[in-house]
Amino acid sequence: MVVHHLRLREPNWRSGTVINAVGCVATGIVALVVVVSKFTEGAFISVITVMIPEFVTQWKTQWLHNQSAFALKARLLYRPNTVVTSVPVLVGDVIE
């Protein structure tokens, strides 16, 4: 969001930049504290996140482009300590 504010320079962009920068720093500090506290308690890696791109195309070719993503998601879905996240990726102009 900081980059967004710096590029567009909409009204009140400076206050938005400051607020988002403070939020970014605070989130980083909290993440660091959580990682350090978990590491010292012995929970080195508790969850693995897998991000799978799914191509957004016309409905006729949806299965063709995403069959490997579907197979990978089905394989990882019931694996313990694994989070599967689908990330839509727009391919060209999608006209339904």
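The values are calculated or read from the model by the stated rules, or taken from the named source; none is laboratory data. The model shown is predicted, which means the values in this text are computed figures rather than measured ones. Every residue, glycine as well, gets a Cβ built from its backbone with ideal geometry; the counts of neighbours run over all protein chains shown.
Determine which member of the set Val18, Val2, Val30 is over 20 Å from Val89 (Cα atoms) and either touching a residue at least 60 places away in the same chain (Cβ under 8 Å) or exposed (fewer than 12 other Cβ atoms within 10 Å of the Cβ) (or both). Just a single option satisfies the conditions, and that option is Val30.
Quick one: in region 1-46, which of the residues that are part of a helix (DSSP H, G or I) and aromatic (Phe, Trp, Tyr) is modelled with the lowest pLDDT? Write out each step before concluding.
Pass one, region 1-46, residues part of a helix (DSSP H, G or I): 2-8, 13-41.
Applying the additional criterion that residues be aromatic (Phe, Trp, Tyr) yields 13, 39.
On the way: Trp13: 88, Phe39: 76.
So the residue we want is Phe39.
Kindly indicate whether Lys73 is at negative phi, modelled with pLDDT of 75 or more and charged (D, E, K, R).
Details: at negative phi: yes; modelled with pLDDT of 75 or more: yes; charged (D, E, K, R): yes.
When the stated conditions are applied, Lys73 passes them.
Residues in region 59-84 that are surrounded by fewer than 11 Cβ atoms within 10 Å (Cβ to Cβ) and over 19 Å from Thr49 (Cβ atoms): Trp59, Lys60, Trp63, Leu64, Gln67.
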